[in-house]
Amino acid sequence: MDRIFVVLFYIFNLMVMALAKCTVNNYEEGFGNRVKCSNESLEQALDQGNNVISAILIFQSDIRQLPKDTFSRYAKTLVALNLQNCNIKDIDDDAFRGLTYLQKLTLSSNNISQVKDRWFQELMSLQQLDFSYNQITTIQSLAFERLSNLRRLDLSENRLGCLESNVLQPLRALDKLRFEGNPLTFQCRAKLTLWLKDHGVNYKIDPRGPEFWLDNVLWLCAVDDSIPLGDKNEQMVECVILNLFNQLRTVWTLPVSPSIPQQCSQSRKDLTKCLVTNGHKSLTNSATNGAFIKNLLLQLRESKSSA
């Protein structure tokens, strides 16, 4: 029995060795070599080739932690670093120290939960930074302070409840930002997208996408004096709903046309009649559809508070 386990263990190690692979070739976008590894330890990957390494790409490996001065031996030549799907969770404050020539940094598909102030202090040449598909909930206020040359930032598919514009303020060269897939509050998204619009930053993948309409309504709510200052997301949600109905008011009141099926027109009339007949008495005093929905929301709030 013991002999069988030894044989199986030996076969398993052979399979792991076969899956682990590193290649070294010329870096197409500049001088030096490119190291590309998969299913390899960080130490083995960094021991490949000579010291003239311009790009390091490590995929599908179990790295988990980046210690202090991880890449310092290549500080004078490294311009591209890609650590994708490597289970990275912990990064030392000085892990990227000395990488003053680095232009591209990709840390996508890892387990990073926080972006810290110290990480990028010496990355003044950085132009592209990719944190997509992580678990990020917090970005410290000075994290991007030294990245004045950064042009593209990808924070999509994380867990950010808010992305404050003051965090992005130092990014004077920023022209593309991706943040879709984050649970941003309406209040936060309104402030953020207005700031991006004012600074000419492209943040939409598809201007006809499902969130395109949302920003236009959020901007209306952001300048609404009746919405209290601060993170009053509940009021923002109500404002969005009201403005949506107000924008649809003309469609709501139009006579039946080829673009509005007969059954849809009748259904909306039936709904309105039902709510006015059986709902809150203030609903009957609504002169517009926007006021009608506002009163309906007030009724729902009263019901919720009395429950």
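Does Ser156 satisfy the criteria of being among the hydroxyl-bearing types (Ser, Thr, Tyr), assigned to a loop (DSSP other than H, G, I, E, B) and surrounded by fewer than 17 Cβ atoms within 10 Å (Cβ to Cβ)?
The answer is no for Ser156.
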Can you name the number of the only condition in (1) part of a loop (DSSP other than H, G, I, E, B); (2) under 15 Å from Arg178 (Cβ atoms) that Asn110 fails?
(2)
Count - residues of segment 133-172 that are touching a Lys or Arg at 6+ places or on another chain (Cβ under 7 Å) and more than 12 Å from Gln103 (Cβ to Cβ)
10
Just to be sure I understand the filter: pairs with C-beta atoms under 6 Å, separated by 6 or more residues or on different chains, first member in segment 168-197 and more than 18 Å from Val115 (Cα to Cα), second member part of a strand (DSSP E or B) and among the charged types (D, E, K, R). Which pairs pass?
Lys176/Arg152
Considering segment 77-93 alone, what residues qualify as being open to solvent by 20 Å² or more (accessible area, probe 1.4 Å) and within 20 Å of the chain's Cα centre (by Cα)?
Asn82, Gln84, Asn85, Asn87, Lys89, Asp90
Where in segment 171-276 are there helices (runs of 4 or more DSSP H), lying fully within it, with 1 or more residues that are modelled with pLDDT of 80 or more?
186-198
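The values are calculated or read from the model by the stated rules, or taken from the named source; none is laboratory data. Please read all numbers here as calculations on a predicted model, not as lab measurements. Note that we place each Cβ from the backbone using ideal geometry, even for glycine, and neighbour counts take in every protein chain shown. The area values use the complete protein model at the heavy-atom level, side chains included, leaving out ligands, DNA and RNA. Shrake-Rupley method; radii C 1.70, N 1.55, O 1.52, S 1.80 Å.
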